[in-house]
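Enquirer: The following block contains the structure, expressed as structure tokens.
What follows is calculated from the coordinates using simple rules that are stated; it is not laboratory data. Only a predicted model underlies this, so the values are computations on that prediction, with no experimental measurement involved. We place every Cβ from the backbone using ideal geometry, glycine too, and count neighbours over all the protein chains shown.
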Amino acid sequence: MNLETRNFGEIEIKEENIIEFIGGVPGFSGTRYVILDAINENSPFVWLQSVDEPEIALILLNTFMLYKDYAPKINDEEIKCLEVEKREEMSVFNVIVIPEKIEDMTVNLKAPIIINTKKRKGIQLIAENSNYEIKRKLYDDLKKVAGNK
């Protein structure tokens, strides 16, 4: 299937790669999205492209690539709707906001996006951890990781 997008022009996506978001993604319309991988496989970033609203594309952080100890506490009832049978079926991402000044970019660690990669279902939830920020400064964390390589 071909999809005309604002950021990437016309792209081809496979129907079997479409993720159905239960209740949609808060703040955005549509429920069907697809993950567009970064060009570099070592990149912690991916795009969440809306299929229903082609002008909507969110940049996500593959959280565990940067925050190894990230462990959001999530209500079991909320996770049930994803029909996860094994933990390996889950991918966890967090939404990034990149303002005009890149040094001010933030990541929302409080509201992870969880995807059942097998059943192609997704949901954005609120982590019960009180220490996770909605606007965690990301730029400095990325610099630290880059400096350690």
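Enquirer: Scan segment 46-101 for trypsin sites (Lys or Arg not before Pro) in coil per DSSP, keeping those whose Cβ has at most 16 other Cβ atoms within 10 Å, and list them by number.
Expert: The qualifying sites are LYS68, LYS73, LYS86, LYS101.
Enquirer: Pulled fully out, how much extra length does the chain show between CYS81 and ASN40, if you take 0.36 nm times their separation in residues and subtract their Cα-Cα distance?
Expert: Here the segment from CYS81 to ASN40 would lengthen by 11.6 nm.
Enquirer: Using a cut-off of 18 Å between alpha-carbon atoms, which lysines can reach LYS80, once sequence neighbours fewer than 8 places away in the same chain are excluded?
Expert: LYS118, LYS119, LYS121
Enquirer: Next question. Apply 1/(1 + (r/R0)^6) to the Cβ-Cβ distance of LEU3 and LYS137, taking R0 = 41 Å, and write down the FRET efficiency to the nearest 0.05.
Expert: It comes to 0.80.
Enquirer: At 222 nm, what value in deg cm²/dmol follows for the chain if DSSP H runs of at least 4 each add -39500 (n - 2.57) and the sum is divided by all its residues, to the nearest 500?
Expert: That comes out to -2500 deg cm²/dmol.
Enquirer: Mind checking segment 1-61 for trypsin sites (Lys or Arg not before Pro) that DSSP puts in a loop (not H, G, I, E or B) and that have at most 13 other Cβ atoms within 10 Å?
Expert: Answer by residue number: ARG6, LYS14.
Enquirer: Specify the residue with the greatest mean-square fluctuation among ASP52, ASP76, ASP104, computed from a Gaussian network of the chain linking alpha-carbon atoms under 10 Å apart.
Expert: ASP76
Enquirer: For an R0 of 30 angstrom, estimate the FRET efficiency from the Cβ-Cβ distance between GLU103 and GLU10 and round to the nearest 0.05.
Expert: Here the calculated transfer efficiency is 0.35.
Enquirer: List the aspartates and glutamates whose alpha-carbon lies under 16 Å from that of LYS14, not counting same-chain residues fewer than 8 positions away?
Expert: Answer for LYS14, where 16 Å is the Cα cut-off: GLU4, ASP37, ASP52, listed by chain and number.
Enquirer: A follow-up question, please. Near GLU4, within a Cβ-to-Cβ distance under 13 Å, what is the net charge of the other residues, with Lys and Arg +1 and Asp and Glu -1?
Expert: -4
Enquirer: So, one more: Report, in cubic angstrom per residue, the convex hull volume of the C-alpha atoms of the chain.
Expert: 124
Enquirer: Residues with beta-carbon under 14 Å from that of TYR67, excluding TYR67: net charge, scoring Lys, Arg +1 and Asp, Glu -1?
Expert: Around TYR67, the charge tally is +1.
Enquirer: Can you return the aspartates and glutamates within cross-link range of LYS110? Criterion is Cα-Cα under 16 Å, with same-chain partners fewer than 8 residues away left out.
Expert: ASP69, GLU78, GLU128, GLU133
Enquirer: Relative contact order for the chain: what is it in percent, counting Cα pairs under 8 Å that are at least 6 residues apart?
Expert: 19
Enquirer: Here's a follow-up. Among the GluC sites (Glu not before Pro) in segment 8-104, which ones are in a DSSP loop with at most 12 other Cβ atoms within 10 Å of the Cβ? Mind listing them?
Expert: Sites meeting the loop and neighbour criteria: GLU41, GLU55, GLU83, GLU85, GLU100.
Enquirer: Let me know the charge dipole size of the chain about its Cα centre in debye, to the nearest 20, where only the beta-carbon of Lys, Arg (+1) and Asp, Glu (-1) is charged.
Expert: Dipole size: approximately 540 debye.
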